[in-house]
Amino acid sequence: MDPETHLPLPEPVVLGGGRDEALPAVQPLEGKPASLPLTDTAALVAPPALEVERLNLWYGAKQALFDIDLQVRKNTVMSLIGPSGCGKSTLLRSLNRMNDLVDSVRIEGSVRLGSEDLYAPGVDVIELRKRMGMVFQKSNPFPKSIFENVAYGLRVQGEKDRLTLEEAVETSLKGAGLWEEVKDRLKESALGLSGGQQQRLCIARALAVRPEVLLMDEPCSALDPIATARVEELIFELKKEFTIVIVTHSMQQAARVSDFTAFFWLGKVVETDLTEKIFTNPTNRMTEDYITGRFG
Amino acid sequence: MKATAWLRRGSPFVWVSGGLLAFALLMITTLVGYIAIKGLGFYWPKPLVELTTTTGPVLGEVTGHEAATAEDPERIQIRTANRDILGQDFRWVPVSEIQARTTPPEALVIERLENGTFFGSLWRITQDGKVLAEGPGAPEEARRRLAEAKALQRRIQSMEKDEVGSLNQKLEDLRLRRRKLEAKGEPTAQAEAAEADLHNRFQHLQEELEAFRAQSNGLQVTLRTVDGQEKELSLAGVIRIIPVNTIGLPRKVSVYLARLWEFVWDDPRESNTEGGVFPAIFGTVMMVMLMSIMVVPLGVMAALYLREYAKDGLAVRLVRVAVNNLAGVPSIVFGVFGLGFFVYTLGGSIDALFFPEKLPTPTFGTGGILWASLTLALLTVPVVIVATEEAIASVPRSLREASLALGATKWQTIRQVVLPGAMPGILTGLILAMARGAGEVAPLMLTGVVKLAPSLPLDAQAPFLHLDRKFMHLGFHIYDVGFQSPNSEAAKPMVFMTTLLLLGIVVALNIFALRLRRKLRARMGGSTF
């Protein structure tokens, strides 16, 4: 039996309908101890892992990002929310220089990972991408076996030792909460997994290279609620080891999983703060309107 | 009102397109059916008819009928065989001259290694001049001894081909080595001694062979035609004896299958109008395989560069246009190029560099299977390039990004993700290329196909694969047998059978590639296409 079916559905998060009403407290995620506050106190004092400074980005003549300033603290989850086309994904893809693949892109400003500027001349993009794991909107496992999918990142780095690979695959699959489900069929094609399993496999694949930051581009948008709950639980676990930036369209998800939230609108960061604060007492009127569903 | 609705739904177009498809199918079925009937029908044992005419008796198979015309009376065509006695295989007999028509039970079809089939009777069988059987019992006795005679014949043939052949090869090698030494001015005594020794062995083998031949020739049969002419023949020269008018269906089926088997697996005889076409089958398949081995890397590399590395601009667009136009160049032009560049320039240089001792006999400086395959690879490379480009473009972007995001380089991504994903599409290109390549004849005629190749391009003699050898090809075989043969009427069934075989081989090669593609697609989970 599919273990996913054993999981209870996450409690739906009810957000306030009117502006005058006080927003009810966000329900804690299932599996997360209720006694803990939504944001770990440790998050508040964590050093910054990723710093975006005055980032401007153009697609040809059209500017897509305007003066983005953003700080992601180590071992926290930062969610990027905002209406479609506001530049969340573009920013995310700028963080591991995936936008390099698009010919017409021009970028100004800096992104610092630790002490290194990603956009400084002479940066080894290949090395950089190893430090920034990425999980995509639609699960995209390679048409290879489950084992080879997870081992891919290590293999392209030249790792040949069977034992090392096996160990890394097991750790990553455990880290992604998939080990128990697939340990007996590592040799089978990854395409035979269910949608939720495939997405967790993609997460495991990203974990296998031991990145510092995990970028997630709407990782649950193609998943059913049960699979979504599993991934969210996983994000909660993963932040103990990784710094996570997640783009999401689901306000509930942002509220459930993230410590910090940044609200984007038309290529600008409107507001960024503790998730609790954004969802209960946003400073900006626009943020409040968006969160309460008045636009976007 | 109803008519407009009918038009608006496009019903007439559905009918027209459906009808045209049916028409196309009908044409293809007719084509294959016609070829199959004409070719396969020939091998069925037909009854021998004896006609008593005013000009004497005629024995043969009835093969045609012609109504009276202004010049000719009504007449029938008889295949009389006995080419050596009558001068030709076919004969027209005016119906008015026929007095009686019987199917004599004693009439035999005797297939011979030389001079084609014999129709008539077997009168006597002798061994070293002693009569073993005469009269009605002779055919039975001859049939009994046929297997034994054939075994002896095979022994002689294998001796001629393998032992004498390898000795000849060694002698030739020695001669070349001696010439090399002479050219350098070094002593040649050792080589000469070895040569003399080989000559001795050669002599010995010849004597042995002579003895076998004498034994084989000792068994003679006397054949008699319907009008009483006699013909002596060594039993070893007989393939099979069929009392065609008395055998039942099972025997007929077995004769039919034996003839088909002979057609597919035997060497040709009698300037290709009889026997089998095995060397041509082998040559065709091997040529197509060699072509595939060369065309895939060539086309895939070119497409990869065009699609993945080259900056899209005027130059790339020009290259694309050129590639597409290349696909439309008449194949004979490629043949001329192959002859001029591959055979004369490239082959000539190879000979001058590596085989100077053999000159003026060319090794690679003449047409051969290597040059023919290369020419065909060039001819079909545009197909592979276009198909590969499309296949590469259809590998989902998300997979490339996933790979790049994991720290893979562009080349690793291409190698691990793009190429495997594009494999089914590349194979589609290969299938198209093979279908085109297997059917080409014109460029091959200039670059290495021959009417009769003495040995296959792949055999047991080192270095096993002889890329410099000339080869036979089914397509050329059709042309040769049908239009260059001295006896085209007799060769007609061969033309149809060879055509059928060529079709079959193209289909078989395609099915092989299709299965490979399906297997690959299944492994890709069908996600890429």
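The values are calculated or read from the model by the stated rules, or taken from the named source; none is laboratory data. What you see is a predicted model; the values in this text were computed from it and never measured. Methodologically, a virtual Cβ is constructed for each residue, glycine included, from the backbone with ideal geometry; neighbour enumeration extends over all protein chains shown. The protein model used for the area step is the full one, side chains on, heavy atoms only, and it has no ligands, DNA or RNA in it. Shrake-Rupley method; radii C 1.70, N 1.55, O 1.52, S 1.80 Å.
Extension gain, B:Glu71 to B:Ser254, is 61.6 nm, computed as 0.36 nm per intervening residue step minus the present C-alpha separation.
Taking 7 Å steps out from each Cα toward its Cβ at B:Trp411 and B:Val285 produces label points 3.8 nm apart. Here the range A:78-180 is treated as a Stokes sphere of Kirkwood radius computed over C-alpha pairs; at 4 °C and 1.567 mPa s its diffusion coefficient rounds to 80 µm²/s.
FRET efficiency for B:Leu452 and A:Arg185, Cβ-Cβ distance as r, R0 = 60 Å, nearest 0.05? All intermediate terms of the calculation are to be shown ahead of the outcome.
Values: r = 58 Å, r/R0 = 0.97.
My answer for the efficiency is 0.55.
With each label modelled as a point 7 angstrom along the Cα→C-beta vector, the B:Ile98-B:Thr363 pair spans 6.2 nm. Maximal additional length on extending the B:Thr188-B:Leu21 stretch stands at 52.8 nm, based on 0.36 nm per residue less the C-alpha distance. Against the compact-protein benchmark of 2.2 N^0.38 Å, the Cα-based radius of gyration of the protein assembly as shown scales to 1.44. Rolling a 1.4 Å probe over the protein heavy atoms leaves B:Lys184 with an accessible area of roughly 140 Å². Rg/Rh for the range B:33-83 stands at 1.05; both radii use Cα atoms, and Rh follows the Kirkwood definition.
Equivalent ellipsoid of the range B:456-496: semi-axes from √(5λ) of the C-alpha gyration tensor, largest first, are 30, 9, 8 Å. With the whole protein complex present, A:Ser189 retains an accessible surface near 50 Å², based on a 1.4 Å probe. For the residues of B:395-403, the average number of beta carbons from a partner chain within 10 Å of their own beta carbon is 5. Remark: the range A:103-153 is approximated by an ellipsoid whose semi-axes, taken from the C-alpha gyration tensor as √(5λ), come to 28, 14, 10 Å, largest first.
What is the distance in Å between the Cα centres of the range A:131-184 and the range B:375-445? Using only Cα atoms to place each centre, the spacing works out to 28 Å. The angle separating the long axis of helix B:474-483 from the principal Cα axis of greatest extent in chain B is about 50 degrees. Using only alpha carbons, the range A:139-296 has a radius of gyration to Kirkwood radius ratio (Rg to Rh) of 1.05. Relative to its residue count, the range B:285-423 spans a Cα convex hull of 142 Å³ per residue. For the range B:61-139, GluC sites (Glu not before Pro) meeting the loop criterion (DSSP other than H, G, I, E, B) and having at most 10 other Cβ atoms within 10 Å: B:Glu71. Gyration tensor over the Cα atoms of the range B:132-287: the corresponding equivalent ellipsoid has semi-axes (square roots of 5 times the eigenvalues, largest first) of 43, 22, 12 Å. The simple Förster model, with R0 at 45 Å and r as the Cβ-Cβ distance, assigns A:Glu166 and B:Leu465 a FRET efficiency of 0.60. In the complete set of protein chains, residue-level accessible area for B:Leu339 is approximately 50 Å², probe 1.4 angstrom.
Of B:Tyr43, A:Tyr119, the order by accessible heavy-atom surface (1.4 Å probe, DNA, RNA and ligands excluded), from most exposed downward, is A:Tyr119, B:Tyr43.
Only bridges with both residues in the range A:153-271 count here: give the DSSP antiparallel percent, nearest 5.
Antiparallel: roughly 40 percent of the beta bridges in the range A:153-271.
What the Kirkwood sum gives for the range B:380-529 is a hydrodynamic radius of 18.5 Å, with every pair of different alpha carbons counted.
Across the range B:31-151 the C-alpha pair distances fall into 5 Å bins from zero in the proportions 2, 9, 15, 18, 18, 14, 11, 6, 4, 2, 1, 0 percent. Distance between the C-alpha centres of the range B:452-529 and the range B:115-143: 40 Å, rounded to the whole angstrom. Which trypsin sites (Lys or Arg not before Pro) does the range A:144-199 hold that lie in a coil by DSSP with at most 14 other beta carbons within 10 Å? Passing both the DSSP loop test and the Cβ count: A:Lys160, A:Lys187.
Rounded to the nearest 10 degrees, the angle from helix B:314-326 to the longest Cα principal axis of chain B is 10 degrees.
Computed on the Cα trace of the range A:166-233, the radius of gyration divided by the Kirkwood hydrodynamic radius gives Rg/Rh = 0.94. Within straight-line reach of B:Lys38, meaning a Cα separation under 29 Å, sit the following lysines at least 8 residues removed in sequence or on another chain: B:Lys46, B:Lys252, B:Lys451, B:Lys492. Placing a pseudo-label 7 Å from each Cα along the Cα-to-Cβ vector at A:Met286 and A:Ala222 gives an inter-label distance of 3.1 nm. Residues B:Glu232, A:Glu51 ordered from highest to lowest accessible area at a 1.4 Å probe: B:Glu232, A:Glu51. Take each residue in A:142-148, count the other chain C-beta atoms within 10 Å of its C-beta, and the mean is 4. Counting every C-alpha pair in the range B:121-205, the share spaced more than 14 angstrom apart comes to 74%. Note on B:Lys410: lysines with a C-alpha under 28 Å away, same-chain residues under 8 apart excluded, are A:Lys62, A:Lys88, A:Lys130, A:Lys138, A:Lys144, A:Lys160, A:Lys187, B:Lys311, B:Lys519. Residues within the reach of a label modelled at B:Val316 (point 7 angstrom out along Cα to beta-carbon, backbone nitrogen below 13 Å), restricted to the range A:97-116, are A:102-104. Straight-line cross-link reach from B:Lys161 at under 16 Å between alpha-carbon atoms covers these aspartates and glutamates, not counting any fewer than eight positions away in the same chain: B:Glu172, B:Glu207, B:Glu208, B:Glu210, B:Asp266, B:Asp267, B:Asp459. Compared with the direct C-alpha span, the chain from B:Arg175 to B:Arg397 gains 73.6 nm at full extension, assuming 0.36 nm per residue.
Checking every one of the chymotrypsin sites (Phe, Trp or Tyr not before Pro) in the range A:228-296 against DSSP loop status and a limit of 12 other Cβ atoms within 10 Å picks out A:Phe295. Taking both sides together, the accessible area buried where A meets B is about 1800 Å² for a 1.4 Å probe. The mean number of partner chain beta-carbon atoms within 10 angstrom of a residue's beta-carbon across peptide A:87-97 is 1.
Return one number: the angle in degrees, 0 to 90 and rounded to the nearest 10, between the long axis of the Cα atoms of helix B:278-304 and the longest principal axis of the Cα atoms of chain B. Approximately 0 degrees, to the nearest ten. Remark on chain B: Rg and Dmax equal 30.4, 104 Å (Cα only).
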